Amino acid sequence: MNIIVCIKRVPQTAEAEVKVDSSGKDIEKDRLIFDTNESDTYALEEAVLQKEKFGGSITVITVGDEDSEETLRIALAKGADEAIRIKVEDLDELDGFKTAQILHKIIKDMDFDIIFTGCLATDDAYSQVGTTLAKLLEIPHASLVTKIELSENSADAYRELEGGLLEHLKIKLPALFTIQTGINVPRYASLIAIRRAARKELNEISKTEFGEMKSNSFIEELFTPPVSKLAEILSGNPDEVSEKLTGIIKEKGLI
Amino acid sequence: MNDIFVLIEHRQGVIRDITFELLAFGRNLANKNNAKLTAIIFADNSKKIIDKIKTQADKITVIENPIFKDFNAESYQIALAEIIKKENPFITLIGHTAFGMDLCSSLATELKIPFTTDCLDVEINGKKLSVTRQMYDGKLNVKLQLQENDSYLVSLRAGTFPAEDGNLNAEIEKIESPISAEPDYRKFIEYIEVVAGEVDITKSDVVIGIGRGIKEKDNLDIIDEFADAIGGVVGCSRPIVDAEWLPKDRQIGSSGKTIKPKLYIAIGISGAFQHVMGMKSADTIIAINKDPNAPIFNEADYGIVDDLFKVIPVLKNKILEAKA
């Protein structure tokens, strides 16, 4: 089983304050922590689990700037065999469609059975790259996969639908699967593995080798979402706010 | 202007809510831009669906075939691409749902038309199209201009637009399916229901929801004690299920359960829209989170901005005192 995993380095914004920068088209990045995109870590773990079962090799690919090397090295430490960075220094001009086209240019000449991607990048939140890439490569896909069983020429893929319902599909390989979080429990890289990965060579390819590619869209402006409703914030120390809240709950007849 | 297309979504014989949201949004967009709204139905039997939506579109195009009984993104993609190529609608609207996410990008890529996903608004300006969508875990909105074209494809976020009654009388057109069999490289097998656990969070008047903020599995004890004190059950947002701290049937949100309790207390939950979709109908919503900018405070009636580990034990005691 030769597996390609597409990963991306993203700012961790779920619990951080995110501010628009002076251009109005990007965010202030200097105080944000960057790490591998969440669902990509599950995609990589799934590849490692399948490799442990069936053998073969894992190639991780990212489209990113120099800082993305760290993301690739963590993937190598977790069990990837090869790592490729498609060098892009101006990440802001990438939308999901353009990223997929760049990935297509390199993957189309590679030998693989399966491609895993995350189902969503938490920064631009398109959920486009995997399914677009599958179409460009003219291979079948399934998105939002939370369980996968591989056999020689096909996969039983289970997609997560609304309400927790699963859609069971049979898909011929080679195929692409976008992986939903929760499909497995991603491992941590050991210190020894991280040290070993630090010495590994990364393959680097310049995006300019692929010629010009079109974006689907251009950012006009970024802005803070309008607030339609805001909670009444109770003020005070834990004792005071608990007192107030208990009063409210009691008044509403909920206890 | 050329037509606005809306793809009808249904599952296991039931029209999905997103369908009515798309139709209402599409109608408003059509009115504003002097266009016609066409609903596209793929189904094995379309009668019931037509009856429910015929006042909501100018035209309904029906493609009936046994292969469309259940959703298959590949079958839909091949057939819908043929229809869009022939009719050249100005814009095709699809739900940003599990079905739509599997279909949208590959369909637009096949058609070589500009597309974008998970939109909160769409604006037409002559031949230009711009959309509003969210980035960075919902912390920011972005206005995007799409590459100018004759035809666009956009997916819209579920639960964003209110459904509205219509007063149209749709012309019905039945057309032959461009394909007669499911592609052999992707076969739909079956739907599998989520296994029910011992606690049904949809049946409780009081639900305590926990998220990333609880940090460690061992901290569940503090929450369980609090839930016992107030007489509620414990549900959670996605990360807690992903970490396997609670079973899947406790997940509140679009890919989990939708709850409508009298009281919902969100503890350490930031409030991603997927979670909000599952709890926004609660009568009273309380949020406890140390991040004052957490989107959950835009949904809650009351909020406490503080460390949950400082507040919850005190709150538990106050609740017990009040009950005594």
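If you place +1 on the Cβ of every Lys and Arg, -1 on the Cβ of every Asp and Glu, and leave all else neutral, what size is the dipole of segment B:1-96 about its Cα centre, to the nearest 20 Debye?
The dipole magnitude comes to about 280 debye.
Please list, by residue number, everything in segment B:245-265 whose backbone N is under 19 Å from a paramagnetic label point 7 Å out along Cα→Cβ of B:D283.
Only B:258-265 fall inside the zone, counting backbone N under 19 Å.
Which of the lysines could be linked to B:K260 by a straight reach, that is with a Cα gap under 21 Å, when you skip same-chain ones fewer than 8 residues away?
The qualifying lysines are A:K229, A:K250, A:K252, B:K203, B:K248, B:K280.
For chain A, the longest stretch holding no trypsin sites (Lys or Arg not before Pro) located in a DSSP loop with at most 13 other Cβ atoms within 10 Å is which? Present the calculation step by step, with values, prior to reporting the outcome.
Working: sites that count: A:K29, A:R31, A:K108, A:R199, A:K214, A:K229, A:K252.
Segment A:109-198 is the longest.
Restricting to DSSP H runs of at least four residues, report the calculated mean residue ellipticity at 222 nm for chain B, -39500 (n - 2.57) per run over all residues, nearest 500 deg cm²/dmol. List each step's numbers first, then the result.
Working: 8 runs with 92 residues, N = 324.
So the calculated ellipticity at 222 nm is -8500 deg cm²/dmol.
Nearest 0.05, what FRET efficiency do A:D109 and A:E66 give at R0 = 30 Å with Cβ-Cβ as r?
0.75
Distance cut-off 31 Å, Cα to Cα: go down the list A:K29/A:K200; A:K29/A:K53; B:K54/B:K143; A:K147/B:K257; A:K19/A:K105 and report the pairs above it.
Check vs 31 Å cut-off fails for A:K29/A:K53; B:K54/B:K143; A:K19/A:K105.
Can you give me the span-like helices of chain A, meaning DSSP H runs with 18 Å or more of Cα extent along the axis and Kyte-Doolittle mean at or above -1.0?
Details: long enough: A:38-54 (25 Å, -0.79); A:238-251 (19 Å, -0.59).
The answer, listed by residue number, is A:38-54, A:238-251.
If the viscosity is 1.002 mPa s and the temperature 20 °C, what Stokes-Einstein diffusion coefficient in µm²/s follows for segment B:162-246 when Rh is the Kirkwood radius over Cα pairs? Don't skip to the end; give the middle numbers.
Numbers: Rh = 18.1 Å.
Estimated via Stokes-Einstein, D reaches 119 µm²/s.
Magnitude of the Cβ-charge dipole of the protein assembly as shown, K/R +1 and D/E -1, about the Cα centre, nearest 20 debye? Don't skip to the answer; put the middle values down first.
Values: 70 positive and 95 negative charges, 124 e Å.
In total the dipole reaches around 600 debye.
Quick one: work out the % antiparallel among DSSP beta bridges in the protein assembly as shown, nearest 5. Write down the numbers at each step before the final one.
Details: 42 of 117 bridges.
Of all bridge pairs located within the protein assembly as shown, approximately 35 percent are antiparallel.
Spin-label point model (7 Å from Cα, Cβ direction): what's the B:N125 to A:D81 distance in nm?
Label-label distance for B:N125 and A:D81, simple model: 5.2 nm.
Considering Cα pairs under 8 angstrom that are at least six residues apart, work out the relative contact order of chain A and quote it in whole percent. Don't skip to the end; give the middle numbers.
Values: 459 pairs, mean separation 58.2, N = 255.
After rounding, I find 23 percent.
I'd like the FRET efficiency for A:E220 and A:E28, computed as 1/(1 + (r/R0)^6) with the beta carbon distance as r and R0 of 25 Å, rounded to 0.05.
Working: r = 19 Å, r/R0 = 0.75.
Efficiency computed from Cβ-Cβ geometry: 0.85.
Where a number appears in this text, it was derived from the coordinates with a stated rule and is not lab data. Because the structure is a prediction, the values reported are computed rather than measured. Positions of Cβ are generated from backbone atoms using ideal geometry, with glycine treated the same way; all protein chains shown enter the neighbour counts.
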